[in-house]
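The values are calculated or read from the model by the stated rules, or taken from the named source; none is laboratory data. Quick caveat: nothing in here was measured; it's all calculated off a predicted structure. Positions of Cβ are generated from backbone atoms using ideal geometry, with glycine treated the same way; all protein chains shown enter the neighbour counts. Quick note on the areas: whole protein, heavy atoms, side chains included, nothing else; ligands and nucleic acids left out. Shrake-Rupley method; radii C 1.70, N 1.55, O 1.52, S 1.80 Å.
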Amino acid sequence: MRKKDSDKIVEDLRKVIKGKLLDNFKSQNGRVIDSVESLNIIGVETDNNNEDRDKIIVTKVIAASRVWTKFVEDSKSSDNLQLRNNKPIEFVYNKETDEFEIVKNDVVFYISPLY
């Protein structure tokens, strides 16, 4: 995999995870996420046996995020989340743009502490 493809996949994963966090995602305490301060992709594993030149399958994503949750009325509280995906995410090669693009899916990211 080319470096630019790897970077694009990580950036697309960041966008997807951030979008899911901001879409009524709840922290360990049951509070709704208000904003995402930072989001880092810690690890990405691919399925080398089933991918080809035009398709990359990401089987495992581990992400760490610092978020602000809605607290009482207008107050907020910070929280750290570690997330994983529940199923593989596919990327297909677009010849016109010379980039891999994420395939629409219903992947769910859930809180999963690494320790």
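Roughly how many percent of the accessible protein surface of the chain is carbon and sulfur, given a 1.4 Å probe and a whole-percent answer? Can you show the working numbers first?
Details: 3280 of 7310 Å².
The computed percentage sits at 45.
How much mean residue ellipticity at 222 nm does the chain get from its helices, if each DSSP H run of length 4 or more adds -39500 (n - 2.57) and you divide by all residues, to the nearest 500 deg cm²/dmol?
Values: 1 runs with 19 residues, N = 115.
Mean residue ellipticity at 222 nm (helix-derived): -5500 deg cm²/dmol.
Quick check for you: with a 1.4 Å probe and neighbouring chains kept, what is the accessible area per residue of the chain, in Å²?
On the way: 7310 Å² over 115 residues.
In whole numbers, the chain has 64 Å² accessible per residue.
Under the classification rounded if a/c is under 1.5, otherwise prolate if a/b is larger than b/c and oblate if not, where does the chain fall, given a ≥ b ≥ c as square roots of the Cα gyration tensor eigenvalues?
On the way: a/c = 2.63, a/b = 2.18, b/c = 1.21.
Judged from the Cα gyration tensor, the chain comes out prolate (a/c at least 1.5, a/b above b/c).
Remark: spin-label model distance Lys20-Asn40 equals 2.0 nm, labels positioned 7 Å along the Cα→Cβ axis.
Hey, what did the chain get for relative contact order, percent, Cα under 8 Å, at least 6 apart?
23 percent
Model label points for Val92 and Asn48, set 7 angstrom from Cα along the Cα-to-Cβ axis, are 2.6 nm apart. Taking the average, over residues, of other Cβ atoms within 10 Å as the packing measure, peptides 56-69, 39-52 rank 56-69, 39-52 from highest down.
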